[in-house]
1. Limited to region 205-252, what total is found for residues that are part of a loop (DSSP other than H, G, I, E, B) and either among the hydroxyl-bearing types (Ser, Thr, Tyr) or within 24 Å of residue 272 (Cα to Cα) (or both)?
2. Looking only at region 87-139, how many residues end up being assigned to a loop (DSSP other than H, G, I, E, B) and either modelled with pLDDT under 70 or of a type in the set (Lys, Arg) (or both)?
3. For region 1-50, enumerate the residues that are over 30 Å from residue 350 (Cα atoms), of a type in the set (S, T, N, Q) and either modelled with pLDDT under 70 or in a helix (DSSP H, G or I) (or both).
4. Name the residue that is surrounded by the fewest Cβ atoms within 10 Å (Cβ to Cβ), counting only residues in region 336-367 that are of a type outside the set (A, V, I, L, M) and over 23 Å from the mean Cα position of the chain (by Cα).
5. Scanning region 199-229 for residues that are in contact (Cβ under 8 Å) with a residue 24 or more places away in the chain and of a type in the set (Val, Ile, Thr), which turns out farthest from residue 264 (Cα to Cα)?
6. Picking from 296, 266, 330, which residue would you name as being surrounded by 15 or more Cβ atoms within 10 Å (Cβ to Cβ) and farther than 18 Å from residue 228 by Cα?
7. When region 166-195 is examined, which residues are found to be modelled with pLDDT of 60 or more, out of contact with any strand residue (DSSP E or B) (no Cβ under 6 Å at 6 or more places or on another chain) and not in a loop (DSSP other than H, G, I, E, B)?
8. Which count do you get for residues in region 192-210 that are polar (S, T, N, Q) and either more than 19 Å from residue 130 (Cβ to Cβ) or in contact with a Lys or Arg (Cβ under 6 Å, 6 or more places away or on another chain) (or both)?
Amino acid sequence: MLKKLSLAALIAMGSMSVASATPLTEAIKGVDLSGMIRVRFYNEDPENGNKFNRWRTSSDFKFTIPVSEELKVVYKLGVEGNAYTDDDQFTNVAKTKFDPSPAENLVFLKYANNGLGVILGKIPVATSITGKGHGEAHGAGAIATFKASDNLTVAGAWVNAIEMVDAVPGSTTVAGVVKNGVPNDIYVLAAIFNVDMVSGNVWYYKATDAVDYIWTVSADVKPINGVKLHADYAKGELEADNDAHTYYNVSASYAANGLSALVGYADSNDKGTLVVLDNDSPVAYVIPTANHYSIANKLDTTALYAKVGYNIDNKTNVYVAYQTQNDKTAADNDLKEYTVGAKYKYNKKLGFHVYYDVADFDAANADNNEFRFEAKYTF
């Protein structure tokens with residue numbers, strides 16, 4: 001059939017295609033671009049193993065395309081790559097590893113009108129038990145929020161499947177990258193509230209044939225300027241469990257005149273399996289040290305932690321953090337961890353962060369010293 005088309009017909013068809021295309025200046029009009037570009041360098045010095053370096057590059061590009069005043073189409077592309085090298089790479093090339101991760105592609109509709117907000121499609125899933133941001137939880141489904149009043153917002157979600165949740169047993173591997181996930185229907189209800197000096201949220205989760213229930217409650221109380229009291233509670237039971245796992249965290253913080261301080265205590269019981277799907281979630285990520293920052297899903301473990309920071313000027317912050325964990329499930333599994341770090345704001349878009357972390361377990365073969373440098377540009 002193609003052989004019978006005349007040259008004139010082919011030219012006419014090409015002209016029609018060009019005529020129907022959108023000029024670039026028109027296509028990008030009104031499109032909002034946001035995201036970040038980040039490079040991290042790690043030096044790891046484990047007690048039971050060789051020193052090695054890790055170069056980690058990450059980027060996010062989020063395009064928000066207006067369709068109407070209420071409706072937008074959002075496209076988010078996230079890319080990451082890693083290079084691992086150790087001291088023996090000259091004699092052992094196999095220990096040098098370049099690990100490019102597959103792209104994270106999210107495409108969804110975003111609707112907002114009269115207090116109602118909806119996202120639908122392949123979406124980020126930011127909740128009390130999942131992480132948010134680069135490389136964090138995303139899935140296929142819908143999340144809706146409704147602002148009932150100035151003091152109350154309610155939310156509901158149906159997620160057909162979710163991935164990139166690091167606390168879930170079992171995983172799949174794509175292009176050498178472990179991508180933990182839940183392939184079950186997840187149903188979520190939530191309420192976010194604020195009344196005078198108290199603010200907080202309540203969440204309920206259920207996953208078909210997987211999670212009977214997970215409840216989380218978080219609250220902040222600000223009795224005076226600069227002082228905040230915080231509490232988290234979580235309880236969850238998988239269908240495979242006979243007992244529920246429970247966890248709580250309480251802390252007090254102070255910030256004024258360039259000085260900040262935090263002290264807290266967390267506890268998890270000795271039953272069940274999990275109360276969070278991701279250790280980077282708001283309920284779990286509460287310990288201020290760099291590496292071992294969550295005990296939410298640990299069994300029979302407590303943690304006492306503290307952090308002190310000081311703003312040297314309006315661009316520079318230095319801090320120290322400490323924690324001690326008491327793990328009653330095994331002998332010699334207690335942890336003491338120390339972090340010393342500094343942050344510097346080069347300008348509104350570019351910032352630097354450097355720290356040195358020492359994780360000291362009673363069992364020596366789990367110890368590790370980590371140095372990390374980060375440069376992050378946001379736009």
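The values are calculated or read from the model by the stated rules, or taken from the named source; none is laboratory data. These numbers come from a predicted model, not from an experiment. As a convention, Cβ positions derive from the backbone with ideal geometry for all residues, glycine included, and neighbour counts pool all protein chains shown.
1. Residues in region 205-252 being part of a loop (DSSP other than H, G, I, E, B) and either among the hydroxyl-bearing types (Ser, Thr, Tyr) or within 24 Å of residue 272 (Cα to Cα) (or both): 9 in total.
2. Going through region 87-139 one residue at a time, the tally reaches 10.
3. Those that are over 30 Å from residue 350 (Cα atoms), of a type in the set (S, T, N, Q) and either modelled with pLDDT under 70 or in a helix (DSSP H, G or I) (or both): 6, 15, 17, 20.
4. 347
5. Among residues in region 199-229 that are in contact (Cβ under 8 Å) with a residue 24 or more places away in the chain and of a type in the set (Val, Ile, Thr), the one farthest from residue 264 (Cα to Cα) is 208.
6. Details: 266 fails: farther than 18 Å from residue 228 by Cα; 330 fails: surrounded by 15 or more Cβ atoms within 10 Å (Cβ to Cβ).
The unique qualifying residue is 296.
7. Across region 166-195, the qualifying residues are 194, 195.
8. 2
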